[in-house]
Every structure is written in C-alpha cells, then in structure tokens.
Amino acid sequence: MFNDRQLKLPTLLLACGLLALVGCQGPISTVEGQVTLDGQPLSRGDISFYAPGGALANGAIDVSGRYRIQTGTERGLTPGTYRVVVVANDVILPTEPGGAPMPKLITPAKYSDPATSGFTAEVKPGHNKFDFELKSSP
C-alpha cells in the first residue's frame, strides 16, 4: 500500500504542472462586432481570426450580422495582431437523386483567405469591437 508521503509528491507535482499550464494562457480579451456586405448586415456565416503563429479563433455570424469570437471553449482572444477572414455560403440542393448538397460562396472569395482579405485586428486587453464591411465589387 502507498503511504501518505508517497502520494503527496506526485499530487503536488501534478497540481503545479496544471497551474503552470493555466498561467501560460495569458489574459483573454473579449472580441465582438458586426459584419456587413454592401452596407447590409451579413445574415449568416463565420468569421475567423488568425494569429501569426497559426492559432485560430472563430465565431458564428448571426442574422443581424453580429459575432463574438471564441477560442476553443473560451470566449475571446489573447491580445495581439490577427488577420481576419469572413465566409458565408448558400446551399445548392442536388438536382440528381442521391446527389450531395453543394456550398455556394455568397461572400466574395477574397475575404475567405487571410492573405487577401485585407482585414486585420489589433486586439487589446479588455473589450474590443471590430466591424467589417465587405463589398461585392471592387
């Protein structure tokens, strides 16, 4: 059988390790805003924030064009500079029996790539609000 002393050290080490992992995360900032297409709220879709190291956080766009960013199960982002993309699709129903529904992009394709969207966001500590205006034509 184990005595109390043999169990205390592994338990203490595990607790310290978990605290260190939680502490490395940094402060979480809230991020929300609105997305419009040609001056009208975009009524569906997704918005994603890409960190320089490749980390990704995203949020769903609601019927009023509003969004809130989420990182995993956490709401918000750590402060820093992000590239932003917006994607919204319609669904095209199959014309053939047994065919698969296909997505049809309703936002211009340039907004779906971090390299071409033209959107960046500088997330500061605390509350952040970023609105994004998409245009159908250049």
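Numerical summary
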{"read-out": "Relative contact order of segment 30-134, pairs being alpha-carbon contacts under 8 Å that are 6 or more residues apart, as %", "value": "32"}
{"read-out": "Tail beyond 15 Å, pair distance distribution of segment 30-134 (Cα, percent)", "value": "62"}
{"read-out": "Fewest-first sequence of THR107, THR36 by Cβ atoms within 10 Å of each Cβ", "value": "THR36, THR107"}
{"read-out": "Quarter of Cα convex hull surface for segment 30-80, i.e. mean projection, nm²", "value": "3.8"}
{"read-out": "Chain lengthening between ASN58 and LYS124 when straightened (0.36 nm per residue, less Cα-Cα)", "value": "22.1 nm"}
{"read-out": "Per-pair calculated FRET efficiency, R0 = 30 Å: ILE28 and LYS104 via Cβ, rounded to 0.05", "value": "0.30"}
{"read-out": "C-alpha center-to-center spacing [segment 92-109, segment 28-48] in angstrom", "value": "23"}
{"read-out": "Sorted by Cβ neighbour density within 10 Å, fewest at the top, the residues LEU42, LEU37", "value": "LEU37, LEU42"}
{"read-out": "Total formal charge among the other residues, if their Cβ is under 13 angstrom from that of GLU32, Lys/Arg +1 and Asp/Glu -1", "value": "+2"}
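Only the coordinates and a few stated rules stand behind these numbers; no lab work does. Every value quoted in this text rests on a predicted model; they were computed, and no experiment measured them. All Cβ positions, glycine included, derive from the backbone under ideal geometry; neighbour counts span all protein chains shown.
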